[in-house]
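The values are calculated or read from the model by the stated rules, or taken from the named source; none is laboratory data. Just so you know, these numbers come straight off a predicted model, no measurement behind them. Ligands, DNA and RNA are stripped out before the accessible areas are found, and what is left, the full protein with its side chains, is counted by its heavy atoms. Shrake-Rupley method; radii C 1.70, N 1.55, O 1.52, S 1.80 Å.
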Amino acid sequence: RGYIELSEMCLLLSKVLRYGVTNQSGLVTIREELEHLQYYTSLLHYCFPRLLVDIFIDKALYDYYMIKVIFQPLVENAVNHAIKEPQNAIHIQVWGYEEKNDLIFMVSDDGHGMEKQYLDDLRASLDDENNTRYGIGLKNIHRRIRLYYGKNYGLVINSAPCKGTSVTVRIPKTPAALMAHTKEEINGNSNSL
């Protein structure tokens, strides 16, 4: 049985790593991002058997596009900071919905939460390039979103002691039709060179 589990873990790890290094500059669909998250959480279950991850994202959003590797590090951050011992239970929820021209995603956990001062410092550090003391992973996601989509987008963090933590992601809607149009423009420009 041990060899079977080891081979399953290796397969999942290879899928997680491959996703991270292929098509680094391109966008992926919400469906692809969630598939990657599924591989990652399946791998996590070997270390944290009492981890429960629920996805509440309307399937109507699955064909929109986003920059890749956003959900996985948010879930990873929740696990790292919410679980004190591997045998402890933790429940993580991933929500997604439309709000006018934007997509909103929220990753929330039922972990220990944060004291107000720490939360304030973490929030302030997101836009402070010189502050490397708090939330390096969150800062990297926030910066990537802002670099790609602009300053109206990024992360919002909420937390309270004994009430868990939630990280909200706001990005603009990028439908498949827009992606096809952009690819046509790129191909047209390259053909004219």
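Could you rank H45, H81, H36, H112 by how accessible they are, 1.4 Å probe, largest area first?
Order by accessible area, largest first: H81, H112, H45, H36.
Which of the residue pairs K15/K59; K59/K163; K59/K116; K68/K163; K116/K173; K15/K100 have a Cα-Cα distance greater than 25 Å in the structure shown?
K59/K163; K59/K116; K68/K163; K116/K173; K15/K100
Report the percentage of all Cα-Cα pairs in segment 1-72 whose separation exceeds 14 Å, rounded to a whole percent.
Here the tail beyond 14 Å accounts for 63 percent of pairs.
Report, largest value first, the span of the C-alpha coordinates of segment 28-132 along each principal axis, in whole Å.
Taking max minus min along each principal axis of the Cα atoms, segment 28-132 gives 37, 36, 21 Å.
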